[in-house]
Each structure stands twice: as C-alpha cells, then as structure tokens.
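Rule-based calculations on the coordinates, nothing more; no lab input. Computed from a predicted model, the values in this text were never measured in an experiment. A quick note on method: Cβ atoms are made from the backbone with ideal geometry, for glycine too, and the neighbour counts reach across all protein chains shown.
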Amino acid sequence: MEKEMNYGSDYKYIPTTSVGSGMGIQVLPDLYYHTIQIVNISLIGNPETQEFVLVDAGMPGSADTIISIAEERFGKNSRPKAIILTHGHFDHVGAIIDLIKHWQIPVYAHELEMPFLTGKKSYPKPDPTVEGGMVAKMSPMFPIEPINLRDSVEALPSDGTVPHMPEFHWIHTPGHTPGHVSLFRDKDRALIAGDAFITVKQDSLYKVLTQQQEINGPPRYLTTDWKAAKESVIKLEALKPTVAVTGHGLPMTGHLLSESLEKLVQEFDHIAVPDYGKYVDDNLH
Ligand SMILES: [Zn+2]
Ligand SMILES: [Zn+2]
C-alpha cells in the first residue's frame, strides 16, 4: 500500500489573524490574492479560461476556505493545474495535504526546499529572542517539523520555467529559507515575492493586525541567513517590478513599490536585519 502524506507532529491551528483576513483583491485580471488569517495565497490565471495555478497553501486548517475561494473565482468544482510553493513554512503549506487530496494535483517547489517537504529535515527553531514584538514572542508555537508530501511534490524545472505558468519564471531568492523562490513575469513586471520581502512589519503584532503598509525584509523570527536574504532583495529590486504580491501584507504597486524597494536595498541592514537575535551575524552591523 502506498504510504500516506503527513503533516509534522507539531502541526496545529494558529490562533492569530489580521484585519485583512478573508479579504481578496484582483491585482491584475489574472492575478488574484486572498489573505488567510495572516498569510496570502495567490490564484494565477484568467477566470475566463478557467485555467489557473495556486501559489502557496495557506494556514493550517484553511483547506475548505481555499477551495471555496477558488470555486468562487473559477466556478464550481474547478481546480488548479498545480500548486507552486514559494517555500515550505507552515503558513505557506498549512492546507496543502487536504488540497492535494481534494484536487489530485502536483506541487512544485525549489530543489533545496524538498527536504522540508518530504519529511527529511525540520526548519531551524524560530528565534523568540529576536528584536521584535509579539509575533516573534508567539513564534515558539509555530510548527517547524517537516511535512511529508511524498510523490506529490516535485522540484521546479532547473531551466527557470514554472509548470502551468508559461509567462512566469522562478528566481531563487534564498535567505528566509534555503529554497525560497519568487515568481516573475517580464511582460508586465509582476512579482510574487513570497517572504523574500514583505509589505507589513511582521514582528509587530499591531501592524500585522492592521496590515499597515510598510516594506520590510523577510519575517525576522524565521530568517536564518541574512546575507543571502539581502542578496535576494537586491536581485528582486533589479527586476524593477511594477506590482508585487508578498506572503504577508497588502500588494504594492508603482512608485510606492519602486521607492520602497530601493530604500530596502539601501538600508537593508537597518530596516530588515534585527539588532539582535541568534541568527544575526555580527558582521552585518
Ligand atoms: Zn516564511
Ligand atoms: Zn510566511
């Protein structure tokens, strides 16, 4: 008998939310994002063609919500061609096993993220001592043990193409996790950035709750390689995106996006890197 997929043993519902929770916005005709508690999922595809892909898989326990969001936009019993993961943190794979079972579709992630998705390796423990507020303090309850998607997850093609997203290519943007990827489309410079940078100050519970728009580096308590994280932001800024959907916070566009990204690159060590914490390298200050 084929072995079952399983979540990590520390998998659980996380009781936190934001004012954005339950809200969705069509950012472009074929780019829709929706906030599940504190994290965003994206549906890529035009509702007229009914062909679409889901990027990231929400919080633990959110499968029914994600299925109804997809059906509302693409029609009853519609299902995506695939799920693309920016990375494997619990808030991006929270509903994934339920979704795979319901839709019977493949999942793609970067090769370096595979150990965390196939039961081989836990993420490093979140750092509750990192400079930051309540979300960092809550972080010890976040699941870090690997889920095991077995044969349902495949590595993204090494040529940069994204299965079922013909106009996009993936960009390796490590730092937050080793196999973190962002997705970019040249024709309109649309960027799906995952947690490579975010548009809310994730370590402030107040700002998470209110979703006050403010560019930031990756969420601090889970980021372990700040040098790589900085290089990833430099890489994304160089693409000059005109619209960005991030893993947390509201989408950002136009001048606000370009100016904020420029500022993030120039002042990364000050804005993004915490002043103290166990994953902070002293050389960065
Ligand atoms: Zn993350
Ligand atoms: Zn996240």
Exercise for the section: Please find, in a Gaussian network model of the chain (springs between Cα atoms separated by less than 10 Å), the residue of Asn77, Asn40, Asn148 whose mean-square fluctuation is greatest. Expected result: Asn77
Handout entry: Cα-centre dipole for the chain with unit charges at Cβ (Lys and Arg positive, Asp and Glu negative), debye to 20
Key = 320
Handout entry: Charge-dipole axis of the chain as Lys and Arg at +1 and Asp and Glu at -1 on Cβ define it, positive-most pick from Val243, Ser62, Pro178
Key = Ser62
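Compute the Cα gyration tensor for segment 142-205, then decide on rounded, prolate or oblate, letting a ≥ b ≥ c be the square roots of its eigenvalues: rounded whenever a/c is under 1.5, prolate when a/b is larger than b/c in the other cases, and oblate in all that remain. Walk me through the intermediate numbers first.
Working: a/c = 2.40, a/b = 1.13, b/c = 2.13.
Oblate is the answer for segment 142-205, as a/c is 1.5 or above yet b/c matches or exceeds a/b.
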Handout entry: Three-way shape label, segment 1-67, alpha-carbon gyration tensor, a/c 1.5
Key = oblate
Fill in the blank from the handout: In this structure, among Lys101/Lys137; Lys81/Lys187; Lys101/Lys240; Lys101/Lys278; Lys201/Lys235, pairs with alpha-carbon gaps over 29 Å are Lys101/Lys137; Lys101/Lys240; Lys101/Lys278
Exercise for the section: Run the numbers on segment 1-58 and let me know its relative contact order in percent, using alpha-carbon pairs under 8 Å that are six or more apart. Expected result: 22
Practice task
Could you check which residue among Gly194, Gly249, Gly22 shows the biggest mean-square fluctuation in a GNM of the chain with a 10 Å Cα cutoff?
Solution key: Gly22
Handout entry: segment 1-120 - Debye-derived log10 I(q)/I(0), Cα point model, q = 0.16, 0.18, 0.19 Å⁻¹
Key = -0.74, -0.93, -1.04
Handout entry: the chain - mean residue ellipticity at 222 nm from DSSP helices (-39,500 (n - 2.57) per run, n ≥ 4, rounded to 500)
Key = -6500 deg cm²/dmol
Completion exercise
If exposed means GluC sites (Glu not before Pro) lying in a DSSP loop and surrounded by at most 11 other beta carbons within 10 Å, then the longest stretch of the chain lacking such sites spans residues 49-266
Practice task
In whole angstrom, note down how far apart the Cα centers of segment 36-53 and segment 224-285 are.
Solution key: 25
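Hey, what did the chain get for relative contact order, percent, Cα under 8 Å, at least 6 apart?
Relative contact order of the chain: 16 percent.
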Handout entry: Cβ-based charge dipole, segment 43-112, positive-most Cα from Ala95, Leu43, Gly75
Key = Gly75
Exercise for the section: Give a residue-ordered list of calculated ³J(HN,Hα) values for segment 181-189 (Karplus: 6.51 cos²θ - 1.76 cosθ + 1.60, θ = phi - 60°; whole Hz; x for Gly, Pro). Expected result: 10, 10, 10, 9, 10, 5, 4, 10, 6
Exercise for the section: Springs between alpha-carbon atoms under 10 Å, Gaussian network over the chain: tell me which of Ala57, Ala190, Ala155 tops the mean-square fluctuations. Expected result: Ala155
Practice task
Give me the percent of DSSP beta bridges within the chain that run antiparallel, rounded to the nearest 5.
Solution key: 70
Practice task
Using the Karplus curve 6.51 cos²θ - 1.76 cosθ + 1.60 with θ = phi - 60°, work out ³J(HN,Hα) for each residue of segment 122-129 in order, rounded to whole Hz, and write x for Gly and Pro.
Solution key: 7, 5, x, 4, x, 9, x, 8
Exercise for the section: Filter the trypsin sites (Lys or Arg not before Pro) in segment 98-137 to those in DSSP coil with at most 11 other Cβ atoms within 10 Å of their Cβ, and list the result. Expected result: Lys120
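Rounded, prolate or oblate: which fits segment 111-252 when a ≥ b ≥ c are the square roots of the eigenvalues of the alpha-carbon gyration tensor, with rounded for a/c under 1.5 and prolate only if a/b beats b/c?
Working: a/c = 1.96, a/b = 1.13, b/c = 1.73.
It is oblate, given that a/c is not under 1.5 and a/b is not larger than b/c.
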